[in-house]
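The values are calculated or read from the model by the stated rules, or taken from the named source; none is laboratory data. Here the structure is a predicted model, which is why all the values come from computation and not from measurement. Here the Cβ positions follow ideal geometry from the backbone for every residue, glycine too, while neighbour counts run over all protein chains shown. These accessible areas exclude ligands, DNA and RNA; they are computed on the full protein's heavy atoms, side chains included. Shrake-Rupley method; radii C 1.70, N 1.55, O 1.52, S 1.80 Å.
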Amino acid sequence: MVEKRLPLPIEEAVRRVLQEMDVPVRTESVPFLDATQRFLAADLVADHDVPPFDRSPYDGYALRSFDTAQASRTNPVRLKTVGEIGAGTVFAGDVKAGETVRIMTGAKIPNGCDAVAMLEVVKEESDGYITVVRPFAANTNISFQGEDTRKGTPLVKKGSYVHPGVAALLATFGYNYVPVAVQPTVGILSMGSELLEVGAPLTPGKIRNSNAYMIAAQVRQAGGQPVMYGQLPDDLKLCEQAVRNMLEEVDIVITTGGASVGDYDLVPQLIETLGAKQIFNKVAMRPGSVTTAAHVGGKPFFGLSGNPGACFVGCELFVRPLIRRSLQAQNIHLKKSKAILAVDFPKPNPFTRLVRGILSEEDGIHKVAPSGLDKSGSVISLAEADVLIMLPGGTRGYQSGMEVDILLLGEQQGSEWPWKSVAVSSKS
Ligand code: AMP
Ligand code: MG
(Lines give C-alpha, C1' and ligand atoms only; values in the text may rest on other atoms or scores of the structure.)
(Ligands and ions follow the chains in the order given, each with its own letter.)
Protein backbone atom coordinates (compact mmCIF):
# COMPACT_ATOMS: atom_id res chain seq x y z
CA MET A 1 0.00 0.00 0.00
CA VAL A 2 1.26 3.44 -0.87
CA GLU A 3 1.62 5.58 2.21
CA LYS A 4 -0.32 8.81 2.37
CA ARG A 5 1.86 11.87 2.77
CA LEU A 6 0.74 15.20 4.13
CA PRO A 7 2.17 18.12 2.14
CA LEU A 8 3.64 20.92 4.24
CA PRO A 9 3.53 24.53 3.02
CA ILE A 10 7.04 25.66 1.99
CA GLU A 11 7.19 28.33 4.64
CA GLU A 12 6.37 25.85 7.36
CA ALA A 13 8.84 23.31 5.97
CA VAL A 14 11.67 25.87 6.00
CA ARG A 15 10.72 26.95 9.50
CA ARG A 16 10.80 23.40 10.82
CA VAL A 17 14.16 22.68 9.26
CA LEU A 18 15.63 25.70 11.01
CA GLN A 19 13.88 24.96 14.24
CA GLU A 20 14.59 21.26 14.55
CA MET A 21 18.02 20.97 12.99
CA ASP A 22 21.27 22.63 13.67
CA VAL A 23 24.76 22.79 12.31
CA PRO A 24 27.33 24.01 14.82
CA VAL A 25 28.96 27.40 14.37
CA ARG A 26 32.74 27.10 14.31
CA THR A 27 35.36 29.67 13.47
CA GLU A 28 38.95 29.59 12.31
CA SER A 29 41.64 32.01 11.26
CA VAL A 30 42.88 31.61 7.69
CA PRO A 31 45.51 33.32 5.51
CA PHE A 32 44.09 36.30 3.66
CA LEU A 33 43.66 34.77 0.23
CA ASP A 34 41.77 31.81 1.66
CA ALA A 35 39.25 34.17 3.24
CA THR A 36 37.76 35.60 0.07
CA GLN A 37 34.29 34.19 -0.63
CA ARG A 38 34.08 33.04 2.97
CA PHE A 39 32.10 34.56 5.84
CA LEU A 40 33.61 36.82 8.48
CA ALA A 41 33.56 35.42 12.01
CA ALA A 42 34.12 38.77 13.73
CA ASP A 43 33.05 42.37 13.29
CA LEU A 44 35.56 44.48 11.42
CA VAL A 45 36.25 47.78 13.18
CA ALA A 46 38.57 50.49 11.84
CA ASP A 47 41.64 50.57 14.09
CA HIS A 48 43.02 53.69 12.44
CA ASP A 49 41.79 56.62 10.36
CA VAL A 50 41.48 56.19 6.59
CA PRO A 51 43.28 57.85 4.98
CA PRO A 52 45.80 57.80 7.84
CA PHE A 53 47.15 61.28 6.89
CA ASP A 54 46.09 64.31 4.82
CA ARG A 55 47.09 63.53 1.26
CA SER A 56 46.89 64.84 -2.25
CA PRO A 57 44.20 63.40 -4.53
CA TYR A 58 46.00 64.78 -7.63
CA ASP A 59 49.35 65.35 -9.17
CA GLY A 60 50.13 69.03 -8.65
CA TYR A 61 51.68 71.58 -6.33
CA ALA A 62 51.06 71.77 -2.60
CA LEU A 63 50.94 75.39 -1.52
CA ARG A 64 49.82 77.83 1.16
CA SER A 65 46.43 79.24 0.20
CA PHE A 66 47.31 82.59 1.75
CA ASP A 67 50.12 83.10 -0.79
CA THR A 68 47.63 82.89 -3.68
CA ALA A 69 44.91 85.13 -2.22
CA GLN A 70 45.70 88.02 -4.56
CA ALA A 71 46.61 85.93 -7.63
CA SER A 72 44.91 86.76 -10.94
CA ARG A 73 45.72 86.96 -14.65
CA THR A 74 46.86 90.54 -14.19
CA ASN A 75 48.61 89.71 -10.93
CA PRO A 76 50.34 86.33 -11.40
CA VAL A 77 51.92 84.94 -8.26
CA ARG A 78 55.26 83.15 -8.38
CA LEU A 79 56.02 80.34 -5.90
CA LYS A 80 59.42 78.74 -5.45
CA THR A 81 59.53 74.94 -5.81
CA VAL A 82 61.42 73.67 -2.75
CA GLY A 83 60.85 69.96 -3.13
CA GLU A 84 59.28 67.10 -5.03
CA ILE A 85 57.48 64.18 -3.44
CA GLY A 86 55.81 61.10 -4.82
CA ALA A 87 53.40 58.76 -3.03
CA GLY A 88 55.12 57.09 -0.11
CA THR A 89 57.62 59.87 0.55
CA VAL A 90 57.20 62.81 2.88
CA PHE A 91 58.59 66.34 2.68
CA ALA A 92 60.91 67.01 5.57
CA GLY A 93 60.52 70.39 7.20
CA ASP A 94 57.99 73.18 6.76
CA VAL A 95 56.94 74.94 3.61
CA LYS A 96 57.35 78.68 4.13
CA ALA A 97 55.75 81.76 2.61
CA GLY A 98 56.22 81.95 -1.14
CA GLU A 99 57.19 78.25 -1.43
CA THR A 100 55.57 75.22 -3.00
CA VAL A 101 56.24 71.47 -3.25
CA ARG A 102 55.62 69.44 -6.35
CA ILE A 103 53.43 66.58 -5.12
CA MET A 104 52.05 63.38 -6.65
CA THR A 105 48.75 61.64 -5.98
CA GLY A 106 48.71 59.86 -2.62
CA ALA A 107 51.60 61.80 -1.08
CA LYS A 108 51.26 63.38 2.36
CA ILE A 109 50.52 67.10 2.33
CA PRO A 110 53.71 68.89 3.54
CA ASN A 111 53.60 70.85 6.77
CA GLY A 112 52.57 74.44 6.14
CA CYS A 113 50.54 73.69 3.00
CA ASP A 114 46.76 73.73 2.97
CA ALA A 115 45.85 73.37 -0.71
CA VAL A 116 46.92 71.62 -3.89
CA ALA A 117 46.91 73.19 -7.35
CA MET A 118 46.53 70.55 -10.04
CA LEU A 119 49.37 70.33 -12.55
CA GLU A 120 47.01 71.45 -15.30
CA VAL A 121 46.36 74.87 -13.72
CA VAL A 122 49.88 76.01 -12.93
CA LYS A 123 52.64 77.23 -15.21
CA GLU A 124 56.01 75.65 -14.52
CA GLU A 125 58.83 78.12 -15.17
CA SER A 126 62.37 77.20 -16.17
CA ASP A 127 63.87 78.92 -13.13
CA GLY A 128 62.39 76.52 -10.57
CA TYR A 129 59.32 78.64 -9.91
CA ILE A 130 55.66 78.11 -10.77
CA THR A 131 53.13 80.79 -11.62
CA VAL A 132 49.51 80.71 -10.54
CA VAL A 133 46.92 83.14 -11.86
CA ARG A 134 44.03 82.42 -9.46
CA PRO A 135 43.57 82.06 -5.73
CA PHE A 136 43.30 78.65 -4.09
CA ALA A 137 41.04 78.57 -1.06
CA ALA A 138 42.24 76.71 2.02
CA ASN A 139 41.50 72.94 1.85
CA THR A 140 41.28 72.87 -1.94
CA ASN A 141 42.14 69.40 -3.30
CA ILE A 142 43.02 67.72 -0.04
CA SER A 143 41.93 64.24 1.01
CA PHE A 144 41.68 64.62 4.73
CA GLN A 145 42.83 62.15 7.32
CA GLY A 146 39.79 60.10 8.38
CA GLU A 147 37.51 61.38 5.62
CA ASP A 148 36.88 57.83 4.42
CA THR A 149 36.43 56.45 7.90
CA ARG A 150 37.38 57.30 11.47
CA LYS A 151 39.23 55.04 13.86
CA GLY A 152 36.72 53.02 15.88
CA THR A 153 33.99 52.98 13.23
CA PRO A 154 32.32 49.54 12.81
CA LEU A 155 32.69 48.70 9.14
CA VAL A 156 31.63 45.17 8.31
CA LYS A 157 29.54 42.91 10.49
CA LYS A 158 30.29 39.37 11.55
CA GLY A 159 28.63 37.04 9.06
CA SER A 160 29.37 39.24 6.06
CA TYR A 161 30.41 37.59 2.84
CA VAL A 162 33.99 38.45 1.95
CA HIS A 163 33.48 39.93 -1.50
CA PRO A 164 36.16 42.03 -3.20
CA GLY A 165 35.10 45.22 -1.39
CA VAL A 166 35.34 43.54 2.00
CA ALA A 167 38.71 42.07 0.97
CA ALA A 168 39.94 45.61 0.29
CA LEU A 169 38.90 46.65 3.79
CA LEU A 170 40.50 43.65 5.45
CA ALA A 171 43.76 44.44 3.69
CA THR A 172 43.49 48.14 4.58
CA PHE A 173 43.36 47.20 8.24
CA GLY A 174 46.19 44.76 8.11
CA TYR A 175 44.42 41.42 8.37
CA ASN A 176 47.14 39.03 7.38
CA TYR A 177 44.94 36.29 8.77
CA VAL A 178 41.17 36.60 8.75
CA PRO A 179 38.69 35.14 11.24
CA VAL A 180 36.09 33.26 9.21
CA ALA A 181 33.37 30.70 9.85
CA VAL A 182 34.36 27.09 9.27
CA GLN A 183 32.54 25.77 6.20
CA PRO A 184 30.16 23.02 7.26
CA THR A 185 30.76 19.73 5.49
CA VAL A 186 27.92 18.36 3.39
CA GLY A 187 28.01 14.72 2.36
CA ILE A 188 26.38 13.88 -0.96
CA LEU A 189 25.25 10.38 -1.93
CA SER A 190 23.40 9.49 -5.12
CA MET A 191 21.10 6.48 -5.04
CA GLY A 192 19.83 4.88 -8.20
CA SER A 193 20.59 1.71 -10.14
CA GLU A 194 20.37 3.69 -13.38
CA LEU A 195 23.25 5.97 -12.53
CA LEU A 196 26.56 6.08 -14.37
CA GLU A 197 29.75 7.75 -13.28
CA VAL A 198 30.33 11.06 -15.02
CA GLY A 199 33.20 9.61 -17.03
CA ALA A 200 31.31 6.51 -18.18
CA PRO A 201 29.88 6.10 -21.70
CA LEU A 202 26.09 5.92 -21.97
CA THR A 203 24.51 2.46 -22.03
CA PRO A 204 20.83 1.55 -22.55
CA GLY A 205 18.58 2.57 -19.67
CA LYS A 206 21.28 4.44 -17.82
CA ILE A 207 21.97 8.13 -17.25
CA ARG A 208 24.91 9.97 -15.76
CA ASN A 209 24.78 11.07 -12.17
CA SER A 210 24.39 14.81 -12.60
CA ASN A 211 22.72 15.62 -9.29
CA ALA A 212 25.75 14.95 -7.14
CA TYR A 213 27.78 17.54 -9.00
CA MET A 214 24.93 20.01 -9.10
CA ILE A 215 24.48 19.70 -5.34
CA ALA A 216 28.22 20.03 -4.78
CA ALA A 217 28.19 23.29 -6.72
CA GLN A 218 25.16 24.50 -4.78
CA VAL A 219 26.80 23.63 -1.47
CA ARG A 220 29.91 25.54 -2.48
CA GLN A 221 27.87 28.53 -3.57
CA ALA A 222 26.06 28.49 -0.24
CA GLY A 223 29.40 28.47 1.58
CA GLY A 224 29.64 24.81 2.54
CA GLN A 225 32.20 22.12 1.80
CA PRO A 226 30.89 19.27 -0.34
CA VAL A 227 32.08 15.76 0.47
CA MET A 228 31.39 13.28 -2.30
CA TYR A 229 30.13 9.82 -1.33
CA GLY A 230 29.66 8.61 -4.87
CA GLN A 231 26.69 6.65 -6.08
CA LEU A 232 25.05 3.38 -5.16
CA PRO A 233 22.41 1.12 -6.69
CA ASP A 234 18.99 1.00 -5.01
CA ASP A 235 20.11 -1.46 -2.35
CA LEU A 236 19.04 -0.84 1.21
CA LYS A 237 22.01 -2.48 2.91
CA LEU A 238 24.59 -0.63 0.82
CA CYS A 239 22.83 2.72 1.11
CA GLU A 240 22.21 2.33 4.82
CA GLN A 241 25.88 1.66 5.49
CA ALA A 242 26.93 4.65 3.40
CA VAL A 243 24.49 6.96 5.17
CA ARG A 244 25.68 5.70 8.57
CA ASN A 245 29.22 6.64 7.59
CA MET A 246 28.07 10.02 6.40
CA LEU A 247 26.26 10.68 9.66
CA GLU A 248 29.54 10.05 11.46
CA GLU A 249 31.67 12.12 9.14
CA VAL A 250 29.85 15.22 7.93
CA ASP A 251 27.68 18.03 9.29
CA ILE A 252 24.81 17.61 6.84
CA VAL A 253 23.81 14.45 4.97
CA ILE A 254 22.18 14.65 1.55
CA THR A 255 20.94 11.78 -0.55
CA THR A 256 19.42 12.22 -3.97
CA GLY A 257 17.04 9.76 -5.57
CA GLY A 258 14.68 7.24 -4.05
CA ALA A 259 12.74 9.80 -2.05
CA SER A 260 9.33 8.93 -3.41
CA VAL A 261 7.01 5.95 -2.94
CA GLY A 262 8.18 3.76 -5.83
CA ASP A 263 9.28 0.15 -5.48
CA TYR A 264 12.96 1.03 -5.29
CA ASP A 265 12.64 4.23 -3.30
CA LEU A 266 14.76 3.68 -0.22
CA VAL A 267 14.51 6.92 1.70
CA PRO A 268 11.43 5.90 3.71
CA GLN A 269 13.16 2.65 4.75
CA LEU A 270 16.38 4.48 5.52
CA ILE A 271 14.53 6.84 7.83
CA GLU A 272 13.13 3.83 9.64
CA THR A 273 16.28 1.72 9.96
CA LEU A 274 18.38 4.70 10.99
CA GLY A 275 15.85 5.66 13.64
CA ALA A 276 15.75 9.16 12.17
CA LYS A 277 13.21 11.71 13.31
CA GLN A 278 11.30 12.73 10.23
CA ILE A 279 10.41 16.40 9.93
CA PHE A 280 8.54 16.11 6.66
CA ASN A 281 8.43 13.93 3.58
CA LYS A 282 6.23 16.05 1.37
CA VAL A 283 6.20 19.78 0.66
CA ALA A 284 3.44 21.70 -1.09
CA MET A 285 5.69 22.78 -3.92
CA ARG A 286 6.42 21.82 -7.46
CA PRO A 287 8.97 20.62 -8.30
CA GLY A 288 10.31 18.97 -5.17
CA SER A 289 7.15 17.81 -3.49
CA VAL A 290 8.82 14.54 -2.53
CA THR A 291 11.51 16.00 -0.37
CA THR A 292 12.34 14.41 2.96
CA ALA A 293 13.93 16.17 5.88
CA ALA A 294 14.87 14.31 9.02
CA HIS A 295 17.55 14.25 11.64
CA VAL A 296 19.46 11.57 13.45
CA GLY A 297 20.33 12.81 16.89
CA GLY A 298 20.09 16.36 15.60
CA LYS A 299 22.24 15.75 12.53
CA PRO A 300 20.41 16.97 9.41
CA PHE A 301 19.49 14.41 6.78
CA PHE A 302 17.89 15.43 3.50
CA GLY A 303 16.44 12.95 1.08
CA LEU A 304 16.19 15.04 -2.06
CA SER A 305 14.34 13.91 -5.14
CA GLY A 306 16.30 12.37 -7.98
CA ASN A 307 14.62 14.68 -10.47
CA PRO A 308 17.23 17.34 -11.17
CA GLY A 309 14.82 20.29 -10.98
CA ALA A 310 13.29 19.04 -7.75
CA CYS A 311 16.67 18.23 -6.26
CA PHE A 312 17.93 21.70 -7.09
CA VAL A 313 14.99 23.46 -5.46
CA GLY A 314 15.14 21.29 -2.33
CA CYS A 315 18.80 22.11 -1.86
CA GLU A 316 18.30 25.86 -2.33
CA LEU A 317 15.28 26.11 -0.05
CA PHE A 318 16.21 23.80 2.81
CA VAL A 319 19.93 23.07 2.82
CA ARG A 320 21.20 26.52 1.94
CA PRO A 321 19.72 28.32 4.97
CA LEU A 322 21.17 25.69 7.32
CA ILE A 323 24.61 26.15 5.80
CA ARG A 324 24.31 29.93 5.89
CA ARG A 325 23.14 29.95 9.47
CA SER A 326 26.18 28.00 10.55
CA LEU A 327 28.26 30.68 8.80
CA GLN A 328 26.41 33.28 10.88
CA ALA A 329 25.36 34.95 7.64
CA GLN A 330 22.94 37.80 8.13
CA ASN A 331 20.39 36.77 5.51
CA ILE A 332 20.30 33.03 5.16
CA HIS A 333 17.66 32.63 2.46
CA LEU A 334 17.67 33.27 -1.25
CA LYS A 335 17.12 36.92 -2.01
CA LYS A 336 13.54 37.65 -2.91
CA SER A 337 12.57 40.31 -5.40
CA LYS A 338 9.78 41.02 -7.84
CA ALA A 339 9.43 40.98 -11.59
CA ILE A 340 6.78 40.96 -14.28
CA LEU A 341 5.76 37.65 -15.78
CA ALA A 342 6.48 37.53 -19.49
CA VAL A 343 4.32 34.45 -20.20
CA ASP A 344 1.05 32.89 -19.07
CA PHE A 345 0.67 30.08 -16.55
CA PRO A 346 -3.08 29.66 -16.98
CA LYS A 347 -3.37 26.29 -15.28
CA PRO A 348 -3.95 26.58 -11.54
CA ASN A 349 -1.85 24.35 -9.32
CA PRO A 350 -2.62 23.45 -5.73
CA PHE A 351 1.09 23.62 -4.87
CA THR A 352 3.44 26.60 -5.03
CA ARG A 353 5.24 26.44 -8.31
CA LEU A 354 8.96 27.29 -8.43
CA VAL A 355 9.75 27.81 -12.07
CA ARG A 356 13.35 28.03 -13.21
CA GLY A 357 13.51 31.36 -14.97
CA ILE A 358 15.56 33.98 -16.71
CA LEU A 359 15.48 37.56 -15.56
CA SER A 360 15.74 40.28 -18.18
CA GLU A 361 15.17 43.99 -18.40
CA GLU A 362 13.09 45.87 -20.89
CA ASP A 363 12.69 49.66 -20.67
CA GLY A 364 13.68 49.58 -17.02
CA ILE A 365 11.21 46.83 -16.13
CA HIS A 366 12.40 43.47 -14.85
CA LYS A 367 10.73 40.57 -16.58
CA VAL A 368 10.91 36.85 -16.01
CA ALA A 369 10.27 33.93 -18.29
CA PRO A 370 10.84 30.20 -17.83
CA SER A 371 14.31 29.12 -18.85
CA GLY A 372 13.16 25.98 -20.60
CA LEU A 373 11.05 22.91 -20.12
CA ASP A 374 9.13 23.37 -16.87
CA LYS A 375 9.34 19.73 -15.80
CA SER A 376 11.01 18.54 -12.65
CA GLY A 377 13.11 16.08 -14.66
CA SER A 378 14.54 18.76 -16.92
CA VAL A 379 18.23 19.33 -16.40
CA ILE A 380 18.77 21.67 -19.35
CA SER A 381 16.56 24.45 -17.98
CA LEU A 382 18.75 24.59 -14.87
CA ALA A 383 21.79 25.78 -16.74
CA GLU A 384 20.25 29.05 -17.87
CA ALA A 385 18.13 29.82 -14.83
CA ASP A 386 19.15 32.78 -12.73
CA VAL A 387 15.93 32.95 -10.73
CA LEU A 388 13.15 30.77 -9.41
CA ILE A 389 9.79 32.29 -10.25
CA MET A 390 7.54 31.68 -7.26
CA LEU A 391 3.88 31.22 -8.12
CA PRO A 392 1.77 30.49 -5.05
CA GLY A 393 -0.63 27.59 -5.37
CA GLY A 394 -4.37 28.00 -5.40
CA THR A 395 -7.28 28.19 -7.72
CA ARG A 396 -5.99 30.84 -10.07
CA GLY A 397 -3.64 30.85 -12.98
CA TYR A 398 -1.11 33.52 -13.80
CA GLN A 399 -1.08 35.77 -16.81
CA SER A 400 1.69 37.58 -18.56
CA GLY A 401 2.00 41.10 -17.14
CA MET A 402 1.37 40.10 -13.54
CA GLU A 403 3.90 40.99 -10.89
CA VAL A 404 5.38 37.90 -9.25
CA ASP A 405 7.93 37.03 -6.61
CA ILE A 406 11.28 35.76 -7.72
CA LEU A 407 14.16 34.19 -5.82
CA LEU A 408 17.59 35.19 -7.09
CA LEU A 409 20.05 32.34 -7.54
CA GLY A 410 23.78 32.65 -6.91
CA GLU A 411 23.39 35.95 -5.11
CA GLN A 412 25.30 36.62 -1.92
CA GLN A 413 23.30 39.21 -0.06
CA GLY A 414 20.27 37.01 0.55
CA SER A 415 16.99 37.76 2.28
CA GLU A 416 16.01 37.39 5.88
CA TRP A 417 12.80 35.59 5.24
CA PRO A 418 11.77 35.31 1.63
CA TRP A 419 8.41 33.81 2.26
CA LYS A 420 6.80 36.59 4.23
CA SER A 421 4.80 38.07 1.41
CA VAL A 422 4.27 35.58 -1.32
CA ALA A 423 1.06 37.21 -2.49
CA VAL A 424 0.89 38.01 -6.17
CA SER A 425 -0.61 41.27 -7.28
CA SER A 426 -1.70 41.99 -10.81
CA LYS A 427 -0.37 45.12 -12.43
CA SER A 428 -2.88 47.09 -14.41
P1 AMP B 1 13.91 9.01 -8.08
O2 AMP B 1 13.90 10.19 -7.15
O3 AMP B 1 14.91 7.98 -7.68
O4 AMP B 1 12.53 8.45 -8.25
O5 AMP B 1 14.37 9.56 -9.50
C6 AMP B 1 13.59 10.45 -10.23
C7 AMP B 1 14.20 10.71 -11.58
O8 AMP B 1 15.46 11.35 -11.41
C9 AMP B 1 14.48 9.47 -12.39
O10 AMP B 1 14.21 9.75 -13.74
C11 AMP B 1 15.94 9.22 -12.16
O12 AMP B 1 16.55 8.50 -13.20
C13 AMP B 1 16.50 10.61 -12.07
N14 AMP B 1 17.68 10.65 -11.22
C15 AMP B 1 17.85 10.02 -10.05
N16 AMP B 1 19.05 10.26 -9.50
C17 AMP B 1 19.67 11.09 -10.37
C18 AMP B 1 20.98 11.68 -10.39
N19 AMP B 1 21.85 11.48 -9.38
N20 AMP B 1 21.30 12.48 -11.43
C21 AMP B 1 20.42 12.68 -12.43
N22 AMP B 1 19.19 12.15 -12.46
C23 AMP B 1 18.81 11.34 -11.48
MG1 MG C 1 15.32 6.05 -8.21
**OP:** With the convex hull built on the Cα atoms of the chain, state its orientation-averaged projected area in nm².
**Re:** 29.9
**OP:** Identify which of Tyr175, Tyr58, Tyr264 has the largest mean-square fluctuation in a Gaussian network model of the chain, with springs joining Cα atoms closer than 10 Å.
**Re:** Tyr58
Original post:
Normalised by the number of residues in the chain, what is the relative contact order in percent for Cα pairs under 8 Å and 6+ residues apart?
Top reply: 16
Subject >> Per-residue ³J(HN,Hα) for the range 151-156, Karplus 6.51 cos²θ - 1.76 cosθ + 1.60, θ = phi - 60°, Hz, x for Gly and Pro >> reply: 3, x, 6, x, 10, 10
Original post:
Among Leu407, Leu155, Leu189, whose mean-square fluctuation peaks in a Gaussian network model of the chain (Cα, cutoff 10 Å)?
Top reply: Leu155
Subject >> Surface per residue (accessible, 1.4 Å probe) for the chain, Å² >> reply: 48
**OP:** Count neighbours as other Cβ atoms within 10 Å of each site's Cβ, and list the GluC sites (Glu not before Pro) in the range 123-180 that are DSSP loop with at most 13 such neighbours.
**Re:** Glu125, Glu147
Subject >> Rounded percent of accessible protein surface that carbon and sulfur make up, the chain, 1.4 Å probe >> reply: 52
Subject >> Within the range 335-408: Cβ-based charge dipole about Cα centre, in debye rounded to nearest 20 (Lys, Arg +1; Asp, Glu -1) >> reply: 360
Original post:
Can you give the % of DSSP beta bridges in the chain that are antiparallel, to the nearest 5?
Top reply: 65
**OP:** Quick one: P(r) of the range 284-326 from all Cα-Cα pairs, 10 Å bins, percents rounded to integers, in order of increasing distance.
**Re:** 30, 53, 18
**OP:** Mind putting together the pair-distance distribution for the range 60-132? All Cα pairs, 10 Å bins, whole percent per bin, short to long.
**Re:** 21, 58, 19, 1
Original post:
At a Förster radius of 60 Å, what calculated FRET efficiency corresponds to the Cβ-Cβ distance of Glu120 and Gln399, to the nearest 0.05?
Top reply: 0.50
**OP:** Give me the lysines in straight-line cross-link reach of Lys4: C-alpha distance below 17 Å, same-chain residues under 8 apart excluded.
**Re:** Lys282
**OP:** Compute the Rg/Rh shape ratio of the range 335-408: radius of gyration over Kirkwood radius, all on alpha-carbon atoms.
**Re:** 0.94
Subject >> Centre separation in Å (Cα based) which lies between the range 92-166 and the range 326-390 >> reply: 49
Subject >> Among Val182, Val25, Val116, residue whose mean-square fluctuation peaks in a GNM of the chain (springs only between Cα atoms under 10 Å) >> reply: Val116
Original post:
How far apart, in nm, are the 7 Å Cα→Cβ label points at Ser360 and Glu272?
Top reply: 5.0
**OP:** Taking a cut-off of 19 Å between Cα atoms, list the lysines near Lys336, but don't count ones fewer than 8 places away on the same chain.
**Re:** Lys367, Lys420, Lys427
**OP:** Please go through the range 1-76 and write out the trypsin sites (Lys or Arg not before Pro) that DSSP classes as loop and that have at most 16 other C-beta atoms within 10 Å.
**Re:** Lys4, Arg5, Arg26, Arg73
**OP:** Please name whichever of Gly230, Asn75, Gly205 sits farthest to the positive end of the charge dipole of the chain, dipole taken about the Cα centre and charges placed at Cβ: Lys and Arg +1, Asp and Glu -1.
**Re:** Gly205
**OP:** Enumerate the aspartates and glutamates that Lys299 could reach by cross-link, defined here as Cα to Cα under 12 Å, with residues fewer than 8 away along the same chain left out.
**Re:** Glu20, Asp22, Glu248, Glu249, Asp251
